[in-house]
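Quick notes on the structure that follows.
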Amino acid sequence: MRKNIVAGNWKMNKTLQEGIVLAKELNEALANEKPKCDVIICTPFIHLASITPLVDPNKIGVGAENCADKESGAFTGEVSAAMVASTGAKYVILGHSERRAYYGENVEILKSKVKLALANGLIPIFCVGEVLAEREANKQNVVVSAQLESVFDLSVEDFSKLILAYEPVWAIGTGKTATPAQAEEIHAFIRSAVAKRYGKAIAENTSILYGGSCKATNAKELFANPDVDGGLIGGAALKADSFKGIIDAFNA
């Protein structure tokens, strides 16, 4: 059975000291509970080695927000998958819309990143999604299919380790909102694309997270969809109480 997952993406927020406080608050909030979903926090690189030993690994997984597409070498400022893994982190977000838009990450770059992450024992949270112009032209399925090419050349064994996340880029910061029905429609399409490539059994076991503006107020309705297995949370992950509210959507 596929897992329900709530993953937080802190993005470029929180100093190391602030991040440690947040991680401790979240750890404390979950100390006496057994969440009905896996909980992951993906933090800036400099936080990983400090935060990983602070949280209960049975309750909270820790991940990076990115990794390099090279193994090692003269790549100033880059952080390799091996470096991420050496901190004890278990996950890495790859293909996020912000990385694609601002840093030019394409199918080939992301293929390299995914393979290096897997080779170093990390679980990629691989993101796909279309921008507003693509949604308005009804090209979301074409766009998402093209983005999935970064992972569709993996072996069955390797692909089965991935978590997928759908980001409606058009609904983030535009004033437009993706409805639960729209979320379900594209998640079902992604699952069907996985089934076409890897078979129904693998598709049914692949967790697909919703990466739109998910909050405690709409999480339960979104997660009730049969093909939405949780959320990749941005802003609401930056406070323990709001993030916990989304985790609790699976307990309601």
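Just so you know, all these numbers are worked out from the coordinates, no wet-lab data involved. None of the values given here were measured: they were computed from a predicted structure. As a convention, Cβ positions derive from the backbone with ideal geometry for all residues, glycine included, and neighbour counts pool all protein chains shown.
Over the residues of the range 210-252, compute the C-alpha Rg and express it relative to 2.2 N^0.38 Å.
1.01
Output the pairs from Lys111/Lys176; Lys115/Lys161; Lys24/Lys115; Lys59/Lys113; Lys3/Lys36 with a Cα-Cα distance over 20 Å in this structure; if there are none, say none.
In this structure, Lys111/Lys176; Lys24/Lys115; Lys59/Lys113 lie more than 20 Å apart at Cα.
How many angstrom lie between the Cα centre of the range 1-69 and the Cα centre of the range 119-153?
Cα centroid of the range 1-69 versus Cα centroid of the range 119-153: 24 Å apart.
Assuming a ≥ b ≥ c are the square roots of the Cα gyration tensor eigenvalues, decide whether the range 127-218 counts as rounded (a/c under 1.5), prolate (otherwise, with a/b larger than b/c) or oblate.
Cα axes put the range 127-218 in the prolate bin.
Between Glu33 and Asn225, what's the calculated FRET efficiency when r is the beta-carbon distance and R0 is 22 Å? Round to 0.05.
E(calc), rounded to 0.05, equals 0.35.
For the range 84-94, take each phi angle, set θ = phi - 60°, evaluate the Karplus expression 6.51 cos²θ - 1.76 cosθ + 1.60, and give the result in whole Hz per residue in order, putting x for glycine and proline.
Values, residue by residue: 4, 4, 5, 7, x, 5, 10, 10, 8, 7, 10 Hz.
For the range 26-119, count all C-alpha to C-alpha pairs, find those more than 16 Å apart, and express that count as a whole percent of the total.
57 percent
Apply the Karplus parameterisation 6.51 cos²θ - 1.76 cosθ + 1.60, with θ equal to phi minus 60°, to every residue of the range 27-37 and state each ³J(HN,Hα) to the nearest whole Hz, in sequence, with x for glycine and proline.
My calculation for the range 27-37 gives 4, 5, 5, 9, 4, 10, 10, 10, x, 8, 8 Hz in order.
Please compute one quarter of the surface area of the Cα convex hull for the range 110-166 and express it in square nanometres.
3.8 nm²
How about Lys200: which aspartates and glutamates have a C-alpha closer than 19 Å to its C-alpha, ignoring those fewer than 8 places off in the same chain?
Filter leaves Glu149, Asp153, Glu157, Asp158, Glu184, Glu185, Asp227, Asp229.
Can you sort Leu232, Leu162 from fewest to most other Cβ atoms within 10 Å of each residue's own Cβ?
Leu162, Leu232
With a ≥ b ≥ c the root eigenvalues of the C-alpha gyration tensor of the chain, is it rounded (a/c under 1.5), prolate (a/b larger than b/c) or oblate?
In terms of gyration-tensor shape, rounded.
Would you kindly derive the ³J(HN,Hα) couplings of the range 68-83 from the backbone phi angles with the Karplus curve 6.51 cos²θ - 1.76 cosθ + 1.60 (θ = phi - 60°), listing them in order in whole Hz, with x for Gly and Pro?
6, 9, 10, 6, 5, x, 7, 10, 3, x, 8, 10, 7, 4, 4, 5
Tell me, which longest segment in the chain has none of the GluC sites (Glu not before Pro) that fall in DSSP loops with at most 16 further Cβ atoms within 10 Å?
Answer - 150-252.
Ranked by Cβ crowding within 10 angstrom, fewest neighbours first, how are Trp170, Trp10 ordered?
Exposure proxy ranking, most exposed first: Trp170, Trp10.
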